[in-house]
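Written out below as structure tokens is the structure these notes cover.
The values are calculated or read from the model by the stated rules, or taken from the named source; none is laboratory data. All of these numbers come straight from a predicted model, not from anything done at the bench. Cβ: placed from backbone, ideal geometry, glycine included. Neighbour counts: every protein chain shown. Only protein heavy atoms, including side chains, enter the accessible area calculation; ligands, DNA and RNA are left aside. Shrake-Rupley method; radii C 1.70, N 1.55, O 1.52, S 1.80 Å.
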Amino acid sequence: MNVRIEDSWRRVLQSEFDKPYFELLTMFVRQQYATRQCFPPARLIFNAFDSCPFDQVRVVIIGQDPYHDVGQAHGLCFSVNDGVAIPPSLLNIYKEIARDLGKPIPSSGNLQRWAAQGVLLLNATLTVEAHHPGSHQGKGWEELTDAAIQALSTQKEHLVFMLWGSYAQRKGQFIDRKKHLVLESSHPSPLSVYRGFEGCGHFSKANTYLAKHGIPPIDW
């Protein structure tokens, strides 16, 4: 199947696009978008990949589902469009960056600037029906994003994977920890931020690891 996605990711994922599950997934997504309100906008479904080519990935942050309210999701996990109120989990991420690195909390929740630096902001499921969280889970997206994570783990070296919460940790259980740095904590949501995310220091740890291996750090 010919999928509109950034060229380097097309090469990596083409074998997935040719599998029966992806054809079924495509049929499901097209039907959903044709008959219901879904997010992100169709042109941004692969925004995480389009904004962060395979060859440029330095850090991987794994989310679960796109935001399901109007105007929020634009294809990057934890990120929202400019002008949209910063969601609680992202605000806690910003607070940890401020604590960890002394940076001011931004006024925008748009993380496109992270993606431009090589931070892959990848949700496990890339689409969702409006106001119905989890509605597109179990349809095939997870298989595709598993393949993307596996390719990164296998084909690259010295990446930083940030796995926040039990879902992301299960998603990343097969990452080769001899080749990459895997940082784990609780999820930054208000319900669990105090169970390990607050004070985790993941952002300074990531930059220290990257610099150790001659890779430019991220301007968080």
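Points to keep in mind about this one:
- Evaluating Lys178 against the criteria (1) within 21 Å of Leu13 (Cα to Cα); (2) assigned to a loop (DSSP other than H, G, I, E, B) leaves one unmet condition, (1).
- Those residues of the stretch 1-52 which are outside any helix (DSSP H, G or I), of a type in the set (Asp, Glu) and closer than 21 Å to Gln137 by Cα, in sequence order: Asp18
- Pair list, Cβ under 6 Å, 6 or more apart: the stretch 141-170 residue on the phi > 0 side of the Ramachandran plot, other residue open to solvent by 20 Å² or more (accessible area, probe 1.4 Å): His158/His213; Gly165/His187
- Residues of the stretch 162-191 that turn out to be more than 18 Å from the chain's Cα centre (by Cα) and basic (Lys, Arg), as a count: 3
- Qualifying residue in the stretch 66-88 (condition: open to solvent by 10 Å² or more (accessible area, probe 1.4 Å), polar (S, T, N, Q) and under 23 Å from Lys171 (Cα atoms)): no
- Residues located in the stretch 205-216, provided they are closer than 15 Å to Met162 by Cα and surrounded by 15 or more Cβ atoms within 10 Å (Cβ to Cβ): Lys205, Ala206, Asn207, Tyr209, Leu210
- From Gln155, Gln169, residue being among the polar types (S, T, N, Q), surrounded by fewer than 21 Cβ atoms within 10 Å (Cβ to Cβ) and either under 24 Å from Arg10 (Cα atoms) or in contact with a helix residue (DSSP H, G or I) (Cβ under 9 Å, 6 or more places away or on another chain) (or both): Gln155
- Given (1) more than 15 Å from the chain's Cα centre (by Cα); (2) without any contact (Cβ under 8 Å) to a residue 60 or more places away in the chain; (3) outside any helix (DSSP H, G or I), number of the condition Tyr194 does not satisfy: (3)
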